[in-house]
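Inspection log for the structure reproduced underneath, given as structure tokens.
Values in this text are rule-based calculations from the coordinates and carry no lab data. This structure is a prediction, so every number in the text was calculated from the model and none was measured. Here the Cβ positions follow ideal geometry from the backbone for every residue, glycine too, while neighbour counts run over all protein chains shown.
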Amino acid sequence: MYSSSISKADAIRKRSKSTSNSQLTRSSKKSSIESKFLLPHNLQKNQNGNSKSTTGLDLLLGQSNEQKAVPEKRDAITQDTFDRVFAGKFANLPKPQSKLVRVFTSSTFTDTTVERNALMEDIYPKLKEYCRETYGLDFQKYGYRPIPSEILSTELELLKRTLREEHEDISLLDSWYIEDTNSVPPMFVLQQISSILVNFNNKRIPKLQEQDAKQWWECEAKMQQMLRKGARSCYEKGLLDHEAMHNYFMSVTEREVVHGILKAKNPNEHCLCYIRHINNIALSQMKTASKFVDIAHNHVNSEAQKLLANLRDERVPAKLAMQNIRRSTVEWVGRDGIDVQYHAEYIRQFCTDFYNSITTMVDNAMAKHEKYRDQLFTEVLTHLTTGSTVSDMFFGRDEQLNCAKQYVLGNSNLPIILQGENGCGKTSLMAKIAKEIRNWYDNTCEPVVLLRFLGTSPDSSNIAPLLTSVCNQIALNYDESLNNSAPTELSKLFQHFKKITYLATRERPLVIIFDSLDLLSTIDGAHELLWFPPSLPPFVKLFASLTPGASLIYSKMLRLIEDKRQYLTVPSLGKELGNDVVKKWLSDKGRTLSERQWNTVSKALDKCTLPLFVKLIFAAVARWKSYSRPQETVLFSSLQESINVLFHRTESQHGKLLVSHALSYISAARSGISDSEVEDLISLDDKVLDDIYQYHLPPVRRIPPLLWSRIRSDLPGYLSERAADGVIVLNWYHQQFRQVAIERYFKNVNHLETCHSAMAEYFLGVWGGVPKPYQYTEMQKQRFGVTENEGLADRKVPKQPNVFSSKDGNHRYNTRKLSELPFHLLRSGRVDELLSLCLFDYEFLHAKVSSFPLQSLIADYEDAIQNVRDVEILRQLTLAVDALRLSASILSRNPSMLAFELLGRLLPLVATNKHVSKLLIKCDREGPQHNAFVPAHHCFHAPGGPLKFSLEEHQFAVFGMQLTSDRKLLVSTSTQIIVWDVATGSQILLKFSILRRILGDIARVVNPNIDGVFFGLAVSENDKFAAAYTNNNQVIVASLVTGEFTAIDPEPFVTQMELQAVDFKTKFICF
């Protein structure tokens, strides 16, 4: 084993050296390592007395003696990137590696309908499956909205003046283009079609819609002709350059090709071009032929053909390699030109090539970026990128920033806590602090900034992975030999985190920033704050933020950090600053407001100045045009009203049913849902699909990806992306949005239950590869002449096994299903399926206990126990969860023992418990594939008796135990002191040991003759301290809050066991 010891002299010598020379002193015996840390002066031994204090720095720095894999050496550029990211530098951040594969297809819809349908029906589902099962990546086919039709005011005035000189009637342009002086510089904006032609979207009265549509296309053609004529004239006169002129001749498809290929970086790595030539197009079939070729005045449009040929035959081949260009020739057939039956071989080859090409590109991209696929690098980079994005929107807060600066440069050795209500701007302030810290230090310091936005990734949501990643990042900055040395045992990990911060030096100070402590999972006692350092080593600063009242963590923090000066309240912005923030954000976006509109903003800020409210104001007013009517420029006075207005506006633009159901699924999810899951759920939701497809029957019954992309783009910053269960999911960024969404969309309890049921079916994989029936609406029957009442359609959603198995024999757990399914089955009232498919199903239980902490599985049972009303089911659920608790010490280390443990404890209960019986039958049949040992008889304590927890950490008899006054913690003593969480049976606090196996380092510093066991225990009335005495008359006083302890050797005692008791009396310890 590796061991470590600490001496003040060694640490001083270590700090005197440059950071580049900071290495561990290596011993030649037993491959041991001595880590040199500096102990705080007040924790050194008092030479005039017998007391000593320690934070545990001189305990074991647990490291494995197994040979560590040597990482592949990185090139200089890559290594520099890693070093900058690990040091927390915001300059020149690389883009985070995405967990999402997006495919954008660009073509005109009318002439590639057959190809698009084939991709949608056959290829995209296969690509989704490939990305998901091979790399754990999400897949999305998507598009983006065309750029709004806007023309620079000076340019359109130039065009109109030129047209007037040529005696053109420009009244049409004057009607459809209105100047918006809120834009900086001013722009002429093409008005919404329906604002002038009110029946353009009136699909319920086809005749009126057809009339307005025909009128629009006539107006559009005339305006296009005028703009092109004016642009060409201005170009010939030297008033416009060629690019500005060509902008009026460019089709949507060409614009997409320009941005996607011609202006893209490294297009050969991610772009494909399919060129199809059709022989013998029947121009006599004018209506059909016009779908494939541009026709003007009953003839092929030669101008359009020249532009197409230039793009296809010259510009694209000049940028894209030949192996990325596919050419094919087909014959015109029948009335439709391209026929699915006749051209089946062409379609098959096209689809095969498309699938192979995309999967090859994905493989190549994964291989290319493999050097950056380091878990810690990805985690740190994600938080830095979030910090950079959030801080870019920061403005003002000079007083709070100055307080932070004084703290960083001051001598305080306590953490500083930022507190404030939800939406007050704590996160943006923390991000700004992280970005400004380097500017606060002088040139002699190179600080290491360690930033975590808690709850935004798996490694920042639970305490164990959080501290592990933090310790590894610290090690990589100060002493690489300590990388991956963080212990897996929770108590040692807490201590390791506190110790490793002592590596910070004057030249390289360490600043740790933890945003939103209350978003940490409660698993492993994170909210008890036993891991949180109440005091800091020299050259270390720690920022943390939380919301008072959001969780019990706030009251724990008040006990831990008692100095009120360390709490910095983040207030609302105030009206003046709020107004300045809106102006600054509008200016950055190239917008302003009229005087009347500014007055509206001022009145709204009189009511509320929370940063979230100000952000909602900005989102609203940034859409206002100078010509917007007063009734279109209304702001509300509360945060809740503003969020409701945002939802209402989004529903009005994209459809109430679509938006309400999409946001309902996000709000109902346990930990959020991914973009592809939203699309899948909507594609299974026939109410929404019937609304979308009122006026045509789709070839593939799925939501068009463009629809969800548009909704996402209209909710910027409110739906946050975070990693959960191995994928990127969407969730509400602020709790207020979740609350308003729940109140808005779940007033009808039946709708909430329906959402949970739909999500349960999705994660069960009920419709994976199975056509789902749907009912034709009466409108569809009348409009399309459908005679059947019911249809069947494959929705192209994935299957949902508990475990994904690849062809090479590798396995990957379906963590999304394992996390979400029990939650939704319970809340949809599908209790029988919850029992048979989850809580009493061996395959599910084994998969979950193998991929999640045991406490996560226990939480599923506790959730069911709290919500199920059937007494008999409750009894059997309690038996099962108690069996898991009794087996916790084994299963947390070795999940393969699940069947063995359940059989050994539950066998006597089979006869009278049908659900338990079914579970044990599956354990007997399926358990041997994970563990060959299967008990034939009852061999362990069965649940249901007085034994609730088996606290199996003590290696010797327990001689003392006591509950804290709130009865939440149990303190026990043997050869060590352990604090347990009574609710879960988990060990949640550091062990204070005087046992030889840990004593070695302490003995060499204090008293090498200490040995023995604890015989007595007392807990202080305020639950902050525990005191215990040993058979050698030594007294240990331990802080249950911080993990620090003091050892006292009473001088009068000579023989063993003279001490008989220990107790707390007011401010004194009596023994």
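Once the Cα-Cα distance is subtracted from the 0.36 nm per residue extended length, the A936 to D174 segment shows a gain of 265.4 nm.
Counting only the Cα atoms, the range 150-246 fills a convex hull of 102 Å³ per residue. For D180, the residues 5 or more places off, or on other chains, whose built amide H falls under 5 Å of its own are M187, F188, V189. Which FRET efficiency value, to the nearest 0.05, do you get for D580 and D691 by plugging their Cβ-Cβ distance into 1/(1 + (r/R0)^6) with R0 = 45 Å? Here the calculated transfer efficiency is 0.55.
Taking the three principal axes of the alpha carbon atoms in the range 551-629, the coordinate ranges are 57, 20, 19 Å, sorted in descending order.
What the Cα atoms of the range 473-575 give is an Rg and a Dmax of 15.4, 52 Å. Just so you know, the Cα atoms of the range 375-569 work out to an Rg and Dmax of 15.5, 44 Å. Put a dot 7 Å past each Cα toward the Cβ at S551 and R232; how far apart are the dots in nm? For the pair R232/S551, the computed spacing is 6.7 nm. Each residue of the range 174-184 was assigned a 3J(HN,Hα) from its phi angle through the Karplus curve 6.51 cos²θ - 1.76 cosθ + 1.60 (θ = phi - 60°); the sequence is 5, 6, 8, 10, 10, 6, 10, 7, 6, 7, 10 Hz, with glycine and proline shown as x.
Where does the range 806-874 land on Rg(C-alpha)/(2.2 N^0.38 Å)?
Values: Rg = 13.0 Å, N = 69, 2.2 N^0.38 = 11.0 Å.
Dividing the Cα radius of gyration by 2.2 N^0.38 Å gives 1.18.
With N set to the number of residues, divide the alpha-carbon radius of gyration of the range 690-747 by 2.2 N^0.38 Å and report two decimals.
In units of the 2.2 N^0.38 Å rule of thumb, it is 1.45.
In a fully extended conformation the segment linking V770 and F249 would gain 182.9 nm over its present Cα-Cα distance, using 0.36 nm per residue. Across the range 502-597, the relative contact order, built from alpha-carbon pairs under 8 Å that are at least six residues apart, equals 28 percent. Taking every alpha-carbon pair under 8 Å whose residues sit at least 6 apart, the chain reaches a relative contact order of 10 percent. Packing around the peptides 560-570, 472-482, 809-819, taken as the average count of other Cβ atoms within 10 Å per residue, puts them in this order, highest first: 472-482, 809-819, 560-570. Couplings 3J(HN,Hα) for the range 906-915, derived from phi with the Karplus relation 6.51 cos²θ - 1.76 cosθ + 1.60 (θ = phi - 60°), are 9, 3, x, 9, 4, 4, 10, 9, 5, 5 Hz, where x marks Gly and Pro.
Among L839, L283, sorting on how many other beta-carbon atoms sit within 10 Å of each Cβ, with the fewest leading, yields L283, L839.
Pairs to check: K222/K306; K319/K368; K99/K625; K128/K265. Give those whose C-alpha atoms are more than 27 Å from each other in this structure. The partial results should precede the final answer.
On the way: K222/K306 21 Å; K319/K368 21 Å; K99/K625 38 Å; K128/K265 25 Å.
Check vs 27 Å cut-off fails for K99/K625.
Cβ crowding within 10 Å, taken as a proxy for footprinting-reagent exposure, orders V868, V316 from fewest neighbours to most as V868, V316.
What is the calculated FRET efficiency for I275 to Q97, with r their C-beta to C-beta distance and R₀ = 25 Å, to the nearest 0.05? It would help to have the intermediate numbers written out before the result.
Details: r = 33 Å, r/R0 = 1.30.
Between I275 and Q97 the formula returns 0.15.
Label sites at L262 and Q215, each approximated as a point 7 angstrom past Cα along Cα to Cβ, lie 3.7 nm apart. The HN-Hα couplings worked out from phi for the range 685-702 by the Karplus form 6.51 cos²θ - 1.76 cosθ + 1.60 (θ = phi - 60°) are 8, 6, 4, 5, 5, 5, 6, 5, 9, 5, 10, 7, 9, x, x, 10, 7, 9 Hz, whole numbers, x standing for Gly and Pro. DSSP beta bridges confined to the chain are antiparallel in about 65 percent of cases.
Run the numbers for Q962 and K603: contour at 0.36 nm per residue of separation, minus the present Cα-Cα distance, in nm.
Numbers: separation 359, 0.36 × 359 = 129.24 nm, distance 5.91 nm.
Gain on stretching Q962 to K603: 123.3 nm.
Where does each of K575, K625 land when they are ranked from fewest to most other beta-carbon atoms within 10 angstrom?
On the way: K575 15, K625 20.
With the fewest neighbours first, K575, K625 line up as K575, K625.
Calculated FRET efficiency, A321 to T488, Cβ-Cβ distance, R0 = 56 Å: about 0.70 to the nearest 0.05.
With one equal scatterer per alpha carbon and no solvent term, the Debye-computed log10 I(q)/I(0) for the chain at 0.06, 0.08 1/Å reads -0.59, -1.01. Taking amide H as placed 1.01 Å from N in the peptide plane, K772 has its amide H under 5 Å from the amide H of A793, D794, R795, each at least 5 places away in sequence or on another chain. Annotation: amide H of L542 within the under-5 Å range of I416, I512, sequence separation 5 or more or interchain, hydrogens built in the peptide plane.
The simple spin-label model puts a point 7 Å past each Cα toward its Cβ; for K656 and I865 those points are separated by 4.4 nm.
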